[in-house]
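Structure, as structure tokens:
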Amino acid sequence: MHTRTLWLAVPVAVLLILPGVRAGAAEKYGGVLRSILRQNPSNLSIHETTASNVTATMTPVYGNLVWYDPYLPKDGPETIRPELAASWQWSSSHRELVFKLRQGLTWHDGQPVTGRDVKSTFDVVRGAVRAGLKLNPRRRWYVNVTEIATNGDHEVTFKLTRPQPSLLSMLAGGNSPVYPAHVDFAELRTRAVGTGPFKLKSFRRDQMVELEKNPQFYLKGRPFLDGVQFIVMKSGAAELGALIGRQADTGSMSTTPGPVYEQLKAADVGLAFKETIYAGAVTILMNTRKPPFDNARLRKAVALAADRAGLIKSVFQGAAVKSSAMLPQPWGSWGLDVEQLSRLPGYGEPEKNKAEARRMLAEEGYGPGNPLRVILDANVSPSYTRPATWLLGELKAVGIEADLRPVEQNNWFAKAARRDFTLGIHITGVAIDDPDANFYENYGCGSERNYTDYCNPELVKQVDAQSAELDIGKRKRIVNEIDIQLQQEGARPYLANQFDYYAHQAFVKNWIPHHVQFNGWRLTEVWLDK
């Protein structure tokens with residue numbers, strides 16, 4: 001019973017904790033936070049993107065039904081707090097989740113927030129209502145939702161076909177904002193109407209996304225900042241220079257990996273850092289619908305060829321860890337342990353692995369006189385091209401001749417979505433630290449984000465089983481079995497998760513990056529001590 005309580009009950013104490021209520025801090029009001037934006041957002045709609053730069057810039061503008069505690073960098077069911085919803089409760093059958101909304105909330109344009117907005121948003125996202133979305137990457141999260149019902153203006157019920165404890169966690173993530181029902185989804189690609197602590201002031205492509213304080217924000221006395229500027233930087237050198245020269249107050253997601261951290265530390269200009277795992281793993285994409293990687297043995301040979309420890313040492317300078325489909329322990333709650341990882345293809349002794357890869361390739365007709373020749377696609381960003389260049393040597397060592405083909409940043413995700421590749425390097429992000437979001441989105445048969453088109457109906461049954469399991473211990477065992485099978489079958493071989501050190505000026509206070517980079521960017525509590 002205790003484990004079920006962890007998942008499904010809503011302790012009264014939790015409902016009484018409001019974000020931002022912390023005693024003893026001498027916060028200051030005013031100032032504009034200047035944050036680096038690594039890439040120009042293609043649009044401003046969180047629900048139509050997989051790009052972290054859109055989530056980071058628009059999260060301060062919107063609100064969720066529930067939200068992960070901004071002060072706790074590791075997210076979990078126990079850190080979920082009320083936001084637009086004042087409270088929530090599961091039914092005794094665990095097939096209904098009822099939210100009571102706060103009263104008196106308004107959108108930035110003055111319209112009242114009601115249950116109709118919640119229903120409209122998630123009916124579109126789950127595909128029950130057509131809204132002309134260009135991309136709907138998280139539709140698979142909500143396949144278990146049969147109906148979203150309203151009872152008056154301030155009560156909303158999500159009805160499910162079966163128990164799914166992860167639903168609350170998915171609704172708390174940065175990719176799950178509530179949109180206004182009175183604004184067309186298409187309009188929100190270039191404008192923003194939210195409920196958050198900041199309003200959109202301007203969107204200047206290739207330059208800046210600028211936010212201003214929302215004076216009608218429901219939490220009195222928040223936010224502390226007058227505004228936020230997300231400044232587009234087009235190179236790593238520009239990012240370094242902006243932080244060292246104090247033209248930027250914070251880096252952004254993935255701006256401060258290990259090698260950059262060492263450079264900034266050596267500059268000794270008074271920067272502060274916050275270390276956490278980066279919840280985007282470097283992975284290998286192999287198109288399972290196209291030769292040669294419709295052959296599972298060749299996929300396994302590629303997985304065996306890649307020496308994870310060598311990658312971590314040479315490319316990431318030690319600032320990364322081996323990983324698999326779920327975030328590695330102890331940073332994540334669901335990852336495989338060290339012993340389990342050691343038994344996966346490519347995780348053990350490198351020379352033995354490479355010998356096995358050469359043997360498998362030979363059995364498929366490839367060898368010194370007939371190498372397997374492929375094109376390796378990768379986003380032009382250094383976070384992609386550096387591991388891609390490394391992988392070329394690993395593949396060559398087993399008899400695979402690969403040529404690197406860089407792809408412009410703005411074209412990369414569209415290319416992956418079209419399955420317009422044979423072999424690629426990709427950074428696969430985890431939107432929340434829960435198996436449902438990862439498995440259904442990245443490995444579900446027919447999912448838009450299942451770029452490799454790997455499809456195993458029997459595995460899908462296991463995914464459904466873990467999703468419905470209320471006992472955490474049992475669920476973890478099933479999740480581990482699924483993760484191991486995904487690696488054995490070369491569904492999307494994982495290489496490593498980097499650490500991110502989140503550089504920021506020392507005067508930036510209450511800036512707490514979360515272990516899942518898509519969460520924690522509301523910026524309600526951030527203030528400048530200057």
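For region 336-349, state whether one or more residues are more than 21 Å from GLU489 (Cα to Cα) and among the small types (Gly, Ala, Ser).
no
Six or more apart or on different chains, Cβ atoms under 7 Å: show the pairs whose first residue is in region 236-254 and over 17 Å from ILE512 (Cα atoms) and whose second is surrounded by fewer than 18 Cβ atoms within 10 Å (Cβ to Cβ).
GLY236/PRO382; LEU240/GLN263; ILE244/ALA267; ILE244/VAL269
Report yes if some residue within region 261-282 is outside any helix (DSSP H, G or I), of a type in the set (Ser, Thr, Tyr) and touching a residue at least 40 places away in the same chain (Cβ under 8 Å); otherwise report no.
In the first step, residues of region 261-282 are kept if they are outside any helix (DSSP H, G or I); the result is 268-282.
With the extra rule that they be of a type in the set (Ser, Thr, Tyr), the set shrinks to 276, 278.
Keeping just the survivors that are touching a residue at least 40 places away in the same chain (Cβ under 8 Å) gives 276, 278.
Looking for residues that are outside any helix (DSSP H, G or I), of a type in the set (Ser, Thr, Tyr) and touching a residue at least 40 places away in the same chain (Cβ under 8 Å), one finds at least one in region 261-282, hence yes.
Kindly indicate the residue of region 24-54 that is in a loop (DSSP other than H, G, I, E, B) and in contact with a strand residue (DSSP E or B) (Cβ under 6 Å, 6 or more places away or on another chain) and also surrounded by the most Cβ atoms within 10 Å (Cβ to Cβ) among those meeting that condition. Full working, then the answer.
If we filter region 24-54 for residues that are in a loop (DSSP other than H, G, I, E, B), which is where we start, we get 24-31, 38-45, 49-51.
With in contact with a strand residue (DSSP E or B) (Cβ under 6 Å, 6 or more places away or on another chain) added as a condition, the list becomes 27-28, 31, 40.
Details: GLU27: 16, LYS28: 14, GLY31: 18, ASN40: 20.
Step by step, filter region 24-54, then rank; the result is ASN40.
Taking region 348-390 as the region of interest, how many residues are assigned to a loop (DSSP other than H, G, I, E, B), surrounded by 15 or more Cβ atoms within 10 Å (Cβ to Cβ) and modelled with pLDDT of 95 or more?
2
Which residues, counting only those in region 69-110, are part of a loop (DSSP other than H, G, I, E, B), of a type outside the set (Asp, Glu) and surrounded by fewer than 15 Cβ atoms within 10 Å (Cβ to Cβ)? Full working, then the answer.
First pass over region 69-110, keeping only residues part of a loop (DSSP other than H, G, I, E, B): 69-76, 83-84, 91-95, 102-105, 107-110.
Then drop every residue that is not of a type outside the set (Asp, Glu), which leaves 70-74, 76, 84, 91-95, 102-105, 107-108, 110.
Selection gives SER91, SER92, SER93, GLN103, GLY104, GLY110.
Can you tell me which residues in region 283-300 are surrounded by 23 or more Cβ atoms within 10 Å (Cβ to Cβ) and in a helix (DSSP H, G or I)?
ARG299
Mind checking whether some residue in region 180-188 is modelled with pLDDT of 95 or more, out of contact with any Ser or Thr (no Cβ under 8 Å at 6 or more places or on another chain), in a strand (DSSP E or B) and not acidic (Asp, Glu)?
no
Can you tell me which of LEU171, LEU135, LEU219 is buried (at least 19 other Cβ atoms within 10 Å of the Cβ) and in contact (Cβ under 8 Å) with a residue 24 or more places away in the chain?
Going through LEU171, LEU135, LEU219 in turn, the sole match is LEU171.
Within region 450-468, can one find any residue that is at positive phi and either part of a loop (DSSP other than H, G, I, E, B) or in contact (Cβ under 8 Å) with a residue 12 or more places away in the chain (or both)?
Yes, some residue in region 450-468 is at positive phi and either part of a loop (DSSP other than H, G, I, E, B) or in contact (Cβ under 8 Å) with a residue 12 or more places away in the chain (or both).
Could you please let me know if VAL98 is over 21 Å from the mean Cα position of the chain (by Cα) and over 17 Å from VAL193 (Cα atoms)?
yes
Mind telling me which of the residues GLY424, GLY473, GLY446, GLY490 ends up being of a type outside the set (D, E, K, R) and in a helix (DSSP H, G or I)?
GLY473
Anything in region 398-415 that is touching a residue at least 40 places away in the same chain (Cβ under 8 Å), under 20 Å from ARG299 (Cα atoms) and surrounded by fewer than 21 Cβ atoms within 10 Å (Cβ to Cβ)? List them, or say none.
GLY399
The values are calculated or read from the model by the stated rules, or taken from the named source; none is laboratory data. Predicted model, so just to flag it, every value in this text is computed and none were measured. Cβ: placed from backbone, ideal geometry, glycine included. Neighbour counts: every protein chain shown.
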